[in-house]
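Accompanying notes for the structure given below.
The values are calculated or read from the model by the stated rules, or taken from the named source; none is laboratory data. This one's a predicted model, so the numbers in the text were calculated from it and none came from an experiment. Positions of Cβ are generated from backbone atoms using ideal geometry, with glycine treated the same way; all protein chains shown enter the neighbour counts. Just so you know, the surface numbers come from the protein's heavy atoms only, side chains and all, with ligands and any DNA or RNA stripped out. Shrake-Rupley method; radii C 1.70, N 1.55, O 1.52, S 1.80 Å.
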Amino acid sequence: VIERTGFRIAAGCADIALGGGYVLAAVAIFGDVQAQTVEFGFECPLIVPVSGQAEDLSFYGAVPVSTTGGLELRMAMQGMWQRPLGVPDVAIGNRMGGVGLIPVPPFLSLFEFGGELQVGRGSGPGRTCTAQDLSDPEGPCMGGSGYFGVALLAPEQSYFRVEVSAVTFGKVLGMAGLAGAVPLKALLDSGFPEGALVSFTAAPDGVDLGWAVEGMFVPFGLYFRGVVNVFNAFRASAELLVTEESCDMEAWMDSALDLGGLLLSRSAADRVHGPVFALHAVPLSGTWELSFQGFLDLFGLLIEVLVAVDDSGY
């Protein structure tokens, strides 16, 4: 595989049946040459059947060795293990762990771990949780994942990534068997109806965790994405990325705020969605740009606002 910043070479064999449903998905040696690093090593994914569930688990192991003298042990379990060790209404999976070793003190250069947890009795086979169960703000399942890495010799390579599925106050009560304990729907709907994600790393190129969880990447800087609902009166979406070079934020109210004689919406033509707010700032140069679009109907007094302001003025 040839990329803009380097290339990767791998050779080996694949799909080696071991009997009993166990399959060595690959036994390979590889070399990864990038702009500033060179790694080589071997990797060995093993597919393991699990009694009572249709989805197999894939166990991945690799030992990459860097030309700088470092060695890393990587392990991952890909897929979800339903009812682990017989525990009902629980699933764990997409777990990973890694340890970096060097031949001189402090000997340990990297420590990373993480995984995913799902709880609830869903609508899938065997009452397992489905993606719909997790994403439904009134569904029977909740889930979350957390991935953490501490790089002792290169602290900027440290990272964390935490994500939760849809979670509301009503969903928590329902899963606890207390669905009728609070009759106030506005309170029951409060929470993160579409989940939330927050991550951080100071690594300029980000941290690629695709070796453990397909497609997972921690971008450079502090990142947040989520939707919050407060008593059905305020529901907003936001996406934020903060780095040492810039701050970018976009936030919008998913629905208009209607308080009887007062309506706050996106525009005169769009009275269904709420206002939009955006910010871009570069602290080092002192430049910034802010924009706002909204519409106010106050007892028949109509005011439409479209503002774009930067460091040089309107």
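Computed from phi, the 3J(HN,Hα) profile of segment 111-127 under the Karplus parametrisation 6.51, -1.76, 1.60 (θ = phi - 60°) reads 9, 9, 7, x, x, 10, 10, 10, 9, x, 10, x, 9, x, x, x, 6 Hz, with x in place of Gly and Pro.
Could you please state how large a percent of the accessible area of segment 192-314 is carbon and sulfur, counting protein chains only and using a 1.4 Å probe? After summing per-atom areas, the C and S share lands at 64 percent.
Using C-alpha pairs under 8 Å with a sequence gap of at least 6, the mean separation divided by the residue count of segment 190-314 gives a relative contact order of 15 percent. What separates the Cα centres of segment 212-234 and segment 86-130 is a distance of 20 Å. Calculated accessible area for segment 88-181 comes out at 50 Å² per residue, all protein chains present (probe 1.4 Å; ligands, DNA, RNA ignored). Largest accessible area first, the listed residues Glu138, Glu55 line up as Glu138, Glu55 when surface is computed with a 1.4 Å probe on the assembled protein chains. Amide hydrogen proximity for Val167: with H placed 1.01 Å from N in the peptide plane, the residues at 5 or more positions away or on another chain lying under 5 Å are Phe192, Glu194, Gly195. Packing, as the average of other Cβ atoms within 10 Å across residues, places the peptides 195-205, 275-285 in the order 195-205, 275-285, highest first. Backbone geometry of segment 9-14 corresponds, through the Karplus equation with coefficients 6.51, -1.76 and 1.60 at θ = phi - 60°, to 3J(HN,Hα) couplings of 10, 9, 9, x, 10, 9 Hz, x marking Gly and Pro. Rg/Rh, computed from the Cα trace of the chain with Rh as the Kirkwood radius, has the value 1.06.
Probing with 1.4 Å while keeping every protein chain in the model, the per residue accessible area of segment 203-309 equals 56 Å².
Short to long, the 10 Å bins of the Cα pair-distance histogram for segment 219-314 hold 16, 38, 30, 14, 2 percent of all pairs.
Amide H contacts for Leu110 (H built 1.01 Å from N in the peptide plane; partners 5 or more residues away or on another chain; cut-off under 5 Å): Gly100, Leu152. Unpaired cysteine residues in the chain (no second Cys Cβ under 4.7 Å): Cys13, Cys44, Cys247.
Ordered by 1.4 Å accessible area with all protein chains kept, Cys13, Cys247 run largest first as Cys13, Cys247. Only protein heavy atoms count here; on that basis, with a 1.4 Å probe, Met75 has an accessible area of about 120 Å².
Across the chain, C-alpha contacts under 8 Å between residues 6 or more apart give a mean separation that, scaled by the residue count, equals a relative contact order of 7 percent. Note on the chain: GNM, Cα springs under 10 Å; of Val150, Val87, Val99, the largest mean-square fluctuation is that of Val87. Computed from backbone phi with θ = phi - 60° and the Karplus coefficients 6.51, -1.76 and 1.60, the 3J(HN,Hα) list for segment 243-250 is 10, 5, 9, 7, 10, 10, 9, 9 Hz; x is used for glycine and proline.
For segment 127-183, the fraction of alpha-carbon pairs lying more than 12 Å apart is 70 percent, rounded to a whole number.
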